[in-house]
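Before any comments, here is the structure.
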Amino acid sequence: MVPGIQHILCPIDFSDTSINAFRYALGLAETMGAKVQLLHVVIPEVEALDLPVVAAEATRTRIETARTMMETLVEEEAQAFRKEGREAPVVEMTIEVGAPGGTILDVARRDGASLVLMGTRREHNLLDRLFGSVTQHVVERSERPVWVVPHDAAFAPLRDVAFAAQLTEADPWYIYQT
């Protein structure tokens, strides 16, 4: 186990980019002896004020759908590891309701993640260009190191790592830990 990185938080929205980031997180966790916390944030359904029961039921349905998708994905990846004669890292699944960027930051802090690992894509929609992506939000506000994985990156054993910093008071601590 590599000191300092024991808990990798990996947000997932079930896009190809986030699934690739999860696979990358598994490879990194295997190398470092860390666990992976797979996080899906459900954006609550909003209905007219006179239909709160419908909105709550729609949100519950999204949560159950996400749980099923996460369980299937984790099992598929565990099978891929077993097929290669390897033991998959421990994966914890978490589902939260809220705004993705803020919720990711809150869960990282609450659950003591050593690292947030998330995917990014080249193409962004108009809203992302105007207001920034979830990944950008997390990178700019996280108190923990954030590892951003391009949408087409495959995990390979680490040789070199670049550490970008704003030289805040906390940065030397994170450099020391890794």
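Within the stretch 82-100, being among the acidic types (Asp, Glu) and farther than 21 Å from ARG62 by Cβ holds for GLU84, GLU87. If I filter the stretch 93-111 for residues that are modelled with pLDDT under 95 and of a type in the set (Ser, Thr, Tyr), do I get at least one hit? Within the stretch 93-111, not a single residue is modelled with pLDDT under 95 and of a type in the set (Ser, Thr, Tyr). Look at the stretch 138-162 and say how many of its residues are assigned to a loop (DSSP other than H, G, I, E, B) and within 16 Å of ILE19 (Cβ to Cβ). Residues in the stretch 138-162 being assigned to a loop (DSSP other than H, G, I, E, B) and within 16 Å of ILE19 (Cβ to Cβ): 5 in total. Restricting attention to the stretch 10-47, which residues are in a loop (DSSP other than H, G, I, E, B) and either within 16 Å of THR135 (Cα to Cα) or of a type outside the set (Gly, Ala, Ser) (or both)? Correct list: ILE12, ASP13, PHE14, SER15, ILE43, PRO44, GLU45, VAL46, GLU47.
Taking the criterion of being under 13 Å from the mean Cα position of the chain (by Cα) and exposed (fewer than 13 other Cβ atoms within 10 Å of the Cβ), no residue of the stretch 73-108 qualifies.
Each residue in the stretch 74-117 was checked for being more than 14 Å from LEU9 (Cβ to Cβ) and touching a residue at least 60 places away in the same chain (Cβ under 8 Å), and 1 of them qualify.
The values are calculated or read from the model by the stated rules, or taken from the named source; none is laboratory data. Quick caveat: nothing in here was measured; it's all calculated off a predicted structure. Every residue, glycine as well, gets a Cβ built from its backbone with ideal geometry; the counts of neighbours run over all protein chains shown.
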